[in-house]
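Q: Please read through the structure below; I'll follow up with questions.
The values are calculated or read from the model by the stated rules, or taken from the named source; none is laboratory data. Because the structure is a prediction, the values reported are computed rather than measured. Glycine also receives a Cβ, built like all others from the backbone with ideal geometry; neighbour counts cover every protein chain displayed. Remember, those area values only see protein heavy atoms, side chains included, never the ligands or the DNA or RNA. Shrake-Rupley method; radii C 1.70, N 1.55, O 1.52, S 1.80 Å.
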Amino acid sequence: QLQAFGGGLVQPGGSLSLSCAASGITPSFYVLGWYRQGPGKQRELVATITYGGRRNYADSAKGRFSISRDNANKTVALQMGSLEPEDTDVYYCYARRGNVVFWGQGTQVTVSS
């Protein structure tokens, strides 16, 4: 299972951190990451990170967001900066090993003045 924390309301230009705790799986075998989804939109990649620390970011996240993981504590975090109203979405953490994918429950991020 994946349990996401963080999220909330932030003003444009502000920062926010999300974290996700994994249980029942061994994260070292999984790619961990974050996706987001807005009303009427498909779920889209935000960032992923492999066990070895290789990171992949969506173009919209590059330079503004930073993903990290703590394999010992089985967590993955997303540090978001320079937030824009367009970043308003529900953010989902996920873990993937081959074709096996687990999703967290989602946490709302709202960027508004």
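Q: Would you please give the FRET efficiency between Q3 and D59, computed as 1/(1 + (r/R0)^6) with r the Cβ-Cβ distance and R0 = 25 Å, to the nearest 0.05?
A: Numbers: r = 28 Å, r/R0 = 1.13.
FRET efficiency, Q3 to D59: 0.30.
Q: Please compute the per residue accessible area over the chain with all protein chains in place, 1.4 Å probe, rounded to a whole number of Å².
A: I get 53 Å² per residue for the chain.
Q: Please list, in chain and number order, the residues 5+ apart from R64 or on another chain whose amide H is under 5 Å from its amide H, with Hs placed from the backbone.
A: none
Q: Next up: Pop out the ³J(HN,Hα) list for the range 35-42 in order, Karplus 6.51 cos²θ - 1.76 cosθ + 1.60 with θ = phi - 60°, rounded to Hz; leave Gly and Pro as x.
A: 10, 9, 8, x, x, x, 10, 6
Q: Of all trypsin sites (Lys or Arg not before Pro) in the range 7-113, which ones are in loop regions per DSSP and have a Cβ with at most 12 other Cβ atoms within 10 Å?
A: K41, R54, K62
Q: Still on this structure, I have one more. Once neighbouring chains are kept in place and the probe is 1.4 Å, which whole percent of the accessible area of the chain is contributed by carbon and sulfur?
A: Answer for the chain is 47 percent, counting heavy atoms of protein chains only.
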